[in-house]
Amino acid sequence: MADKSLSPDTTVPDATLVRYDLGRPDWDPGWIPDLADPQRTVPVGLDQIIDILILGDGFPDRADFESQLTGWLDDFFAVDVYERFRGAFRLRALFRRSDARVTSARASYYRVLAAEDGDLSAAGNWWESEGDANEEFRTRLFNDMGLFDFNNFLYPGDLDVSAGGTVIHNELAAMFANCVVCMLTFNSNGNNASGFTRRVPFGLASGCLGGMLGLSATPLPPWVNVAFGANSLHEFGHAFAYLEDEYINGRCNSASRSNPSTGSLFTLSNLTFSPRLDEALWRHISPWGRVARQGAGDDPTPTVGWLWRGGERDLNVWHAEYHCLMNGRHDNYLFTSDAAADPTAQPDGSYQDETGARLRSDHRYCLWCQEIVVARILEKTGQLAAPGDPDSINSRGQVWYDRWVATWRDRYWNFFELETGILDREQLYAAQGSEFDDLNNNGLVLWRSDLYQPFHGDTVSVTSPGAVDDGEALLLMTA
Amino acid sequence: MPSTDGFVGTIEVETRGVSRIWFGLTDNPTASDWVRIGNPRAWFTMNLETENRPYELAKLTLLLEAQRNELAIRVSHDAAITEFQKFEPLDSFEVDGVRILRQGLSL
């Protein structure tokens with residue numbers, strides 16, 4: 001059971017700056033479960049621990065901040081994988097009294113930008129752009145991170161994940177590997193505004209000459225991943241585990257990314273950009289994987305681990321399960337990609353933007369995302385490293401991925417008891433409890449949906465037929 | 001390689017386009033509870049217009065024996081075929097091998 005205590009460093013009621021330890025007994029000292037022997041734990045040193053710093057912008061008083069903090073902890077530990085690995089996460093928070101809430105005026109302490117509707121705004125990529133308020137944001141962010149001793153290990157600058165063209169958006173080079181910031185926000189409605197995750201540079205190298213030439217400023221490392229706003233556990237999945245969005249944002253738009261040619265722990269993704277079996281990273285979870293499953297007659301067909309349509313885009317990208325913490329709403333279909341027949345359609349068969357099906361499970365990852373999270377935790381806490389590993393970080397990523405598949409996956413599988421757990425997950429979808437009322441209320445049975453499909457095979461080759469020879473004729477006659 | 005278990009429910013030979021043997025499996029030797037892979041009922045197929053035809057015909061003999069005697073089989077096969085289909089997209093799977101067991105033995 002996780003410790004969710006908030007331990008402020010001051011008892012002064014009107015303090016303007018308060019640091020908190022969150023559930024300290026869980027992570028001091030750090031540990032992770034020994035996947036090879038669940039009865040034991042493995043110590044995690046200060047150079048291996050994963051820091052989560054929770055800051056808050058726009059909070060006028062501690063009560064509001066602590067309320068959101070408590071909610072964040074409840075959500076975090078409701079996720080099985082984070083509860084099990086709670087000893088790896090050094091959780092701390094900082095309250096900064098702010099005279100103004102998070103708005104478009106940017107008068108709040110950290111200068112986080114909101115749109116007029118109160119949701120956070122990405123306008124102008126403000127977190128990485130020039131401008132007084134933007135610079136104040138970065139300065140105050142990094143200054144306040146500096147109020148904590150945190151694990152400041154950086155991914156090497158030559159770490160190459162081919163960002164933009166391949167599977168994960170995060171460029172990891174020169175980014176804090178073991179420190180993530182969650183920035184809770186208090187907007188004009190008194191809410192934690194709907195947010196996003198962004199990689200924030202320490203600063204910008206501008207200069208007069210560059211300005212005169214119209215050159216954009218160069219970001220200065222280190223970088224830190226910041227999960228802004230509400231849905232922060234979903235955003236935390238982006239910031240910490242580099243998981244991608246599984247929802248469809250824009251129907252019928254097509255993904256242009258591709259799978260990496262070589263497996264690496266650093267490019268491990270919850271999305272695939274090919275339907276082919278030989279490119280499927282989660283085949284072991286699928287009905288053709290470790291626990292073979294099939295459906296027949298009126299019994300539900302297994303659905304876990306097939307190709308589920310969508311991943312930020314609609315077409316040419318797939319994820320592994322119907323529901324996941326990394327899914328959302330946006331423009332999701334509920335049941336069928338025949339949009340006019342889907343319950344998300346308007347009465348006239350048309351579709352209104354951003355009124356898709358909510359396919360997020362608030363406290364549960366799909367099994368493939370869960371596995372990626374565990375792999376990330378083990379990588380960041382140094383468990384995948386071994387003597388003789390290559391010097392190059394890019395080569396190490398490949399070696400660690402191979403090691404994960406060859407050794408650690410079995411341990412993970414046993415530790416999480418997935419031999420039965422995967423059947424439980426199938427049963428969750430087959431039973432269609434209240435979590436699936438959007439389907440139930442429309443009389444829809446998930447396994448009959450066209451939103452998923454099995455993996456695709458190789459091209460079938462056909463050669464010219466020859467005459468039946470004597471041996472074949474004999475075989476057929478005696479059959 | 002993926003595999004699917006069941007009892008041979010139907011065997012068909014089709015010569016339209018490419019000559020092929022098709023068969024479907026049921027979950028029970030005497031019921032019509034067709035096995036599905038994904039949403040559609042699964043169809044397994046063997047190409048008769050190939051250099052491997054003798055082996056495909058050998059598999060056919062096993063299918064016939066299994067159907068006559070209501071014996072369970074395990075079919076190993078490739079992932080879903082995209083170039084053609086039996087009735088609906090992704091319902092067809094190229095067969096790699098057939099294993100047949102005497103009644104009472106488990107796969």
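Some points to look at:
- Every residue from segment B:11-30 that is more than 30 Å from residue A:307 (Cβ to Cβ) and within 7 Å of another protein chain (Cβ to nearest Cβ): B:19
- Qualifying residue in segment A:260-267 (condition: at the interface with chain B (Cβ under 9 Å from one of its Cβ atoms) and either touching a residue at least 60 places away in the same chain (Cβ under 8 Å) or among the small types (Gly, Ala, Ser) (or both)): no
- Unique match (being among the acidic types (Asp, Glu) and touching a helix residue (DSSP H, G or I) at 6+ places or on another chain (Cβ under 9 Å)) among A:389, A:437: A:389
- Any hit, segment A:226-249, residues being more than 29 Å from residue A:202 (Cβ to Cβ) and surrounded by fewer than 20 Cβ atoms within 10 Å (Cβ to Cβ): yes
- From A:115, A:88, A:133, A:177, residue being modelled with pLDDT of 95 or more, touching a Ser or Thr at 6+ places or on another chain (Cβ under 7 Å) and not polar (S, T, N, Q): A:88
- Close pairs from segment B:31-50: first more than 7 Å from chain A (Cβ to nearest Cβ), partner basic (Lys, Arg) and in a loop (DSSP other than H, G, I, E, B), Cβ under 7 Å, at least 6 apart: B:43/B:86
Listed here are the residues, each with its yes/no results for (1) under 27 Å from residue A:243 (Cα atoms); (2) of a type outside the set (Ser, Thr, Tyr).
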site: A:291; (1), (2): yes, yes
site: A:311; (1), (2): yes, yes
site: A:319; (1), (2): yes, yes
site: A:324; (1), (2): yes, yes
site: A:330; (1), (2): yes, yes
site: A:333; (1), (2): yes, no
site: A:342; (1), (2): no, yes
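- All helices (runs of 4 or more DSSP H) inside segment A:390-479 with 2 or more residues being at the interface with chain B (Cβ under 9 Å from one of its Cβ atoms) and surrounded by fewer than 18 Cβ atoms within 10 Å (Cβ to Cβ): A:470-478
- Options B:85, B:103: the member that is more than 9 Å from every other protein chain (Cβ to nearest Cβ), assigned to a loop (DSSP other than H, G, I, E, B), at pLDDT below 95 and within 21 Å of residue A:455 (Cβ to Cβ): B:85
- When A:88, A:133 are checked against the criterion of being over 24 Å from the mean Cα position of the chain (by Cα) and not basic (Lys, Arg), a single residue qualifies: A:133.
- Restricting segment B:1-10 to residues that are at the interface with another protein chain (Cβ under 10 Å from one of its Cβ atoms) and of a type in the set (S, T, N, Q), the residue that is surrounded by the most Cβ atoms within 10 Å (Cβ to Cβ): B:4
- Some residue of segment A:300-308 being within 14 Å of another protein chain (Cβ to nearest Cβ), closer than 22 Å to residue A:249 by Cβ, of a type in the set (Phe, Trp, Tyr) and crowded, with 21+ Cβ neighbours inside 10 Å: yes
- Of all residues in segment B:57-75 being surrounded by 15 or more Cβ atoms within 10 Å (Cβ to Cβ) and more than 10 Å from chain A (Cβ to nearest Cβ), the one that is nearest to the chain's Cα centre (by Cα): B:75
- The single residue among A:253, A:327, A:231 that is at pLDDT below 95 and either touching a Lys or Arg at 6+ places or on another chain (Cβ under 6 Å) or in the same structural domain as residue A:162 (by TED's automatic domain parsing) (or both) turns out to be A:231.
- Condition check for residue B:91: at the interface with another protein chain (Cβ under 7 Å from one of its Cβ atoms), of a type in the set (Asp, Glu) and buried (at least 19 other Cβ atoms within 10 Å of the Cβ): no
- Whichever residue in segment A:107-163 is surrounded by 14 or more Cβ atoms within 10 Å (Cβ to Cβ) and polar (S, T, N, Q) and, among such residues, is farthest from residue A:181 (Cα to Cα): A:162
- Entry remark, segment A:1-57: residues being of a type in the set (Gly, Ala, Ser), assigned to a loop (DSSP other than H, G, I, E, B) and free of Cβ contacts under 8 Å to residues at least 24 places away in the same chain number 2 in total.
- Filter result (free of Cβ contacts under 8 Å to residues at least 40 places away in the same chain, in a loop (DSSP other than H, G, I, E, B) and within 8 Å of chain B (Cβ to nearest Cβ)) within segment A:288-298: A:292, A:294, A:297, A:298
- Residue within segment A:356-366 that is surrounded by fewer than 21 Cβ atoms within 10 Å (Cβ to Cβ), more than 20 Å from the chain's Cα centre (by Cα) and not in a loop (DSSP other than H, G, I, E, B) present: no
- If only residues of segment A:76-85 that are assigned to a helix (DSSP H, G or I) and more than 25 Å from residue A:149 (Cα to Cα) are counted, the one that is nearest to the chain's Cα centre (by Cα) is A:81.
- When the residues of segment A:332-355 are filtered to those that are part of a helix (DSSP H, G or I) and without any contact (Cβ under 8 Å) to a residue 12 or more places away in the chain, the one that is surrounded by the most Cβ atoms within 10 Å (Cβ to Cβ) is A:341.
The values are calculated or read from the model by the stated rules, or taken from the named source; none is laboratory data. Everything numeric here is computed off the predicted structure, so don't read it as measured data. Cβ atoms come from the backbone with ideal geometry, glycine included; neighbour counts cover every protein chain shown.
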